[in-house]
Structure formats: structure tokens, C-alpha cells
Amino acid sequence: MKRLTAADFDPEVLKLFDGYVHGQVSRRDFLSRAGRYAVGGTTAATLLAQLSPSFAAPLVAPADARLTTRYEEIASPQGYGKVRGYLAMPAGAKGKLPAILVVHENRGLNPHIEDVARRLALEGFIAYAPDALFPLGGYPGDEDKARTLFPKLDQVKTRADFVAAAQALASFPQASGKVGVVGFCWGGGMANYLATQLPELAAAVPFYGAQPQAADVPRIKAPLLIHDAGKDERILAGWPAYEAALKANKIHYQHFVYEGAEHGFNNDTTPRYDEAAAKLAWGRTVAFFKEKLA
């Protein structure tokens, strides 16, 4: 069966789906409005199903013998009290390893993000991916249910949880003390936020994430590697102000825009995945972390 890509969908359907994913369009509204683009026997419900993630084929199998994985809890006194996340590291690693906090999209710790953590572990890092939904019972195993849960989080406590997770990573027994963060969509915004909160952060890589307030930018000490999608009007709208603040404060950053790519282009479980853009961005990300966390 041919793998569907963004090119198989009307651009208006992709915009509707982006609104649905980010809580700006309800499921009912998506189905109602997408119906006009359903042709050839396809229904609006089929379009939604086709655009939704499929976790059937992770890039790195959960039981990969090259890795050690487990779920780990850490204390978060200023947040919800406790953070639970997925920990992946090379099996039998000798010596201390740099660590990377992996921050999910606005659905919690789903199988795709666990796969991303394993990919980083294969590159020689300790990867820890917290589940923001843990205080609400954790990722529910269903993307629609996860999207419904996410707005119920107290974002002040959730941000504190991720600050605590990043700080704890530095003192993990196997860790070198160097910590970076990579995040996607909501997690990209979190990566930007953490850069404003943690002067000790060694590197931050936001993928198509919301930018911090300009007033917070002077606190950034970490070098940034920023990935954005060429068709992501929503996120790109905030870039000029962010760039001006970064330049004004002489913060080291690199910004790449992947022309023709959609928001979410790195997520290989959905049709918005752009293989060429994702491979290029991932290669840049791994090289950046290996340089900055050495």
C-alpha cells in the first residue's frame, strides 16, 4: 500500500487538521468542514483517520538489545510532585554519557516519542522523555483522548515538572552532567522555554515550537538549533520577533526552514512526515548535540 504524504491531501484539509491537533478546531468541526474535500468515496472520517498517527513500525524496536530502557520517576516539588518518563541509554555503556531531555507533542508520551528517545540512545546519549500527562493518569493510548486531556494540565506545574526533569538528568548516575533538550511542536515550545530558565543547559533544539517572549530571551545561555517548516505559517509568524531578540542579545543560534515541509514534518507516524526534511534535520540535530554536549 502506498504511504500517504501531505501531497495527497488538499492544503485546506491540512490546515484544518493542524487546527484540530492544536485544539483550535473541534472534532465535529473538522468532520463538518473537511467533508467538502472528501472525494472518490472518501469520507471526512477517513481523512481524519488517514492523517492520524500510526505507531505500527517504530524505527528502533522497544526490545532492541543494543539499549537499556525503563520508566523512571523523579521528584518535582514545584510541579505536580512527581515526573514519570521513559529512559533509554546504550546497553553496557562505559563511562559517563551526555543526557538529552526529549519533549513530546501535545499528546503526551506516545510510542513515537519513546522511539525518538531510543534513536538518541543509539547515538550514545542518555535520553529521558517525561510524560506531561502523568498527573492525569498518563498517556491514555489514544491520540484523541490525549488531546482532550492536555488542556486540563496546569501549565505552570507542567513547566516546573520539565525544569525538574532537566535538572535531575544532570545528576543521573550514568550522566556526564551535560544536558540538552529536544522538543517537537508543544515540546519545541518547551525547549525554548527551558532555554530561558536553565542557564546550565548545554544545548536546545526546538522543532517547530512556539517562541518565548522577547523579554525572556536575554536569559538564554544555551546555543540553539531551531527547525521550522516552510508551510508552518502559525509558527513562522513568531520568528521575526524571536530572531530580533536573539540577535540583540548576541545569542548563538542556527535557524533552518525546510521549504515545502508541513508542521510536524519530523513525525514519521503521520502523512505530514517529510522524509528528506526529517533526515536532514535529524542529522543536524545529532551532530549539534555531539558537539555541544561533548
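Right, Val156: assigned to a helix (DSSP H, G or I), aliphatic (A, V, I, L, M), modelled with pLDDT of 95 or more and assigned by TED's automatic domain parsing to the domain that holds Asn106 or not?
yes
I'd like the full set of residues that are without any contact (Cβ under 8 Å) to a residue 24 or more places away in the chain and of a type outside the set (A, V, I, L, M), limited to the stretch 105-152.
Hits for the stretch 105-152 are Gly137, Gly141, Asp142, Lys145, Thr148, Lys152.
Being part of a loop (DSSP other than H, G, I, E, B) and of a type in the set (Gly, Ala, Ser) is the filter here; which residues of the stretch 120-146 pass it?
Gly124, Ala132, Gly137, Gly138, Gly141, listed by residue number.
Output the residue which, of all residues in the stretch 7-41 that are loosely packed, with under 13 Cβ neighbours inside 10 Å and either hydroxyl-bearing (Ser, Thr, Tyr) or at positive phi (or both), is modelled with the highest pLDDT.
Here the answer is Ser26.
Being over 17 Å from the mean Cα position of the chain (by Cα), closer than 19 Å to Asn267 by Cβ and charged (D, E, K, R) is the requirement here; does Glu143 meet it? Give the steps one after another, and end with the answer.
Working: over 17 Å from the mean Cα position of the chain (by Cα): no; closer than 19 Å to Asn267 by Cβ: yes; charged (D, E, K, R): yes.
Against the criterion (over 17 Å from the mean Cα position of the chain (by Cα), closer than 19 Å to Asn267 by Cβ and charged (D, E, K, R)), Glu143 does not qualify.
So, in the stretch 199-240, how many residues would count as being surrounded by fewer than 14 Cβ atoms within 10 Å (Cβ to Cβ) and of a type in the set (A, V, I, L, M)?
2
Among the residues of the stretch 56-73, are any closer than 21 Å to Phe134 by Cβ, at pLDDT below 85 and buried (at least 16 other Cβ atoms within 10 Å of the Cβ)?
Within the stretch 56-73, not a single residue is closer than 21 Å to Phe134 by Cβ, at pLDDT below 85 and buried (at least 16 other Cβ atoms within 10 Å of the Cβ).
Could you name every one of the strands (runs of 3 or more DSSP E) located completely within the stretch 1-119 that has at least 3 residues being farther than 19 Å from Asn267 by Cβ and of a type in the set (Ser, Thr, Tyr)?
67-76
Could you list, in sequence order, all residues of the stretch 216-259 that are in a helix (DSSP H, G or I), of a type outside the set (D, E, K, R) and under 17 Å from Val205 (Cα atoms)?
Going residue by residue through the stretch 216-259, those that are in a helix (DSSP H, G or I) are 216-219, 233-236, 239-248.
Going one step further and asking which of them are of a type outside the set (D, E, K, R), we end up with 217-218, 235-236, 239-242, 244-246, 248.
If the condition is that a residue be in a helix (DSSP H, G or I), of a type outside the set (D, E, K, R) and under 17 Å from Val205 (Cα atoms), then Val217, Ile235, Leu236, Trp239, Tyr242, Leu246 are the ones that fit.
Among the residues of the stretch 244-255, which ones are in contact with a strand residue (DSSP E or B) (Cβ under 9 Å, 6 or more places away or on another chain) and buried (at least 16 other Cβ atoms within 10 Å of the Cβ)?
Leu246, Ile251, Tyr253
Only one residue in Val163, Val179 is touching a strand residue (DSSP E or B) at 6+ places or on another chain (Cβ under 9 Å), aliphatic (A, V, I, L, M) and assigned to a strand (DSSP E or B). Which one?
Checking each option against the conditions leaves just Val179.
The values are calculated or read from the model by the stated rules, or taken from the named source; none is laboratory data. Not measured: the values here are computed from a predicted model. Don't worry about glycine lacking a Cβ; one is built from the backbone with ideal geometry, like all the others, and counts go over all protein chains shown.
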